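Read the structure below first, then the notes.
Quick note: the coordinates plus some simple rules give every number you see, no bench work behind them. None of these values were measured; they are calculated from a predicted model. Please note: Cβ atoms are built from the backbone with ideal geometry, for glycine as well, and neighbour counts cover all protein chains shown.
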Amino acid sequence: MFLDAPSFVDYWRNVRARTIRVLDHIPPSDLEWTHTPGKYTFGDVFRHLAGIERYMYGETVRRQPSAYPGHSAALAAGLDGVRSYVERCHAESLEIFGGLTIDDLMSKCRTPAGTPITVWKWLRAMVEHEAHHRGQLYMMAGMRGIPIPPLYGLTEEEVLELSDRLPGPF
């Protein structure tokens, strides 16, 4: 559970920053690449994340209906356009999330499907959604041969090398 809005906002800002690091490594020529026609491109994923954050989660926690605009390139074209759209949506969302009280976090909102959910749990779902799409971005980057720095600073190989391989207490 998130105990207060400022703690959640700080946490969410860091989660989003880790996702944006992927955008920093996407070549402009790959922004609209997809592995299969009709599936998300890199640009689609970032536009989707921005729109969902602001217009679905941001609206529903204010007890408004979702106004998600989709992920079309018409929303933001090119790397600069996508970055600007993501930054604007994120800033507006942080303003909304930062204004939530503990009573707001503990109250119910409705998902676009009409399902009641506690606001803090809905915000937790937003974080899980972000992680899902960040994994998709890493996979797509790997398919394109685009190197992306490790999420938390070490590769799996480095963790293995630094790990004590015998189970037991510290």
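Checking the structure you have, find out if any residue of segment 53-67 is out of contact with any strand residue (DSSP E or B) (no Cβ under 8 Å at 6 or more places or on another chain), part of a loop (DSSP other than H, G, I, E, B) and closer than 18 Å to ALA131 by Cβ.
No - not one qualifying residue is present in segment 53-67.
If you check every pair at least six apart or on different chains, which have Cβ atoms under 7 Å apart with a residue in segment 5-25 that is small (Gly, Ala, Ser) first and a residue that is outside any helix (DSSP H, G or I) second?
Short answer, once both residue conditions are applied: ALA5/GLY99; ALA5/LEU100.
Would you confirm whether or not segment 150-164 contains a residue that is in a loop (DSSP other than H, G, I, E, B) and of a type in the set (Asp, Glu)?
The answer is yes, given that some residue of segment 150-164 is in a loop (DSSP other than H, G, I, E, B) and of a type in the set (Asp, Glu).
When only residues in segment 68-96 that are without any contact (Cβ under 8 Å) to a residue 40 or more places away in the chain and assigned to a loop (DSSP other than H, G, I, E, B) count, which is farthest from ASP10 (Cα to Cα)?
Only one residue tops the list, namely ALA74.
Please work out if ARG124 is in contact (Cβ under 8 Å) with a residue 12 or more places away in the chain and loosely packed, with under 13 Cβ neighbours inside 10 Å.
The answer is no for ARG124.
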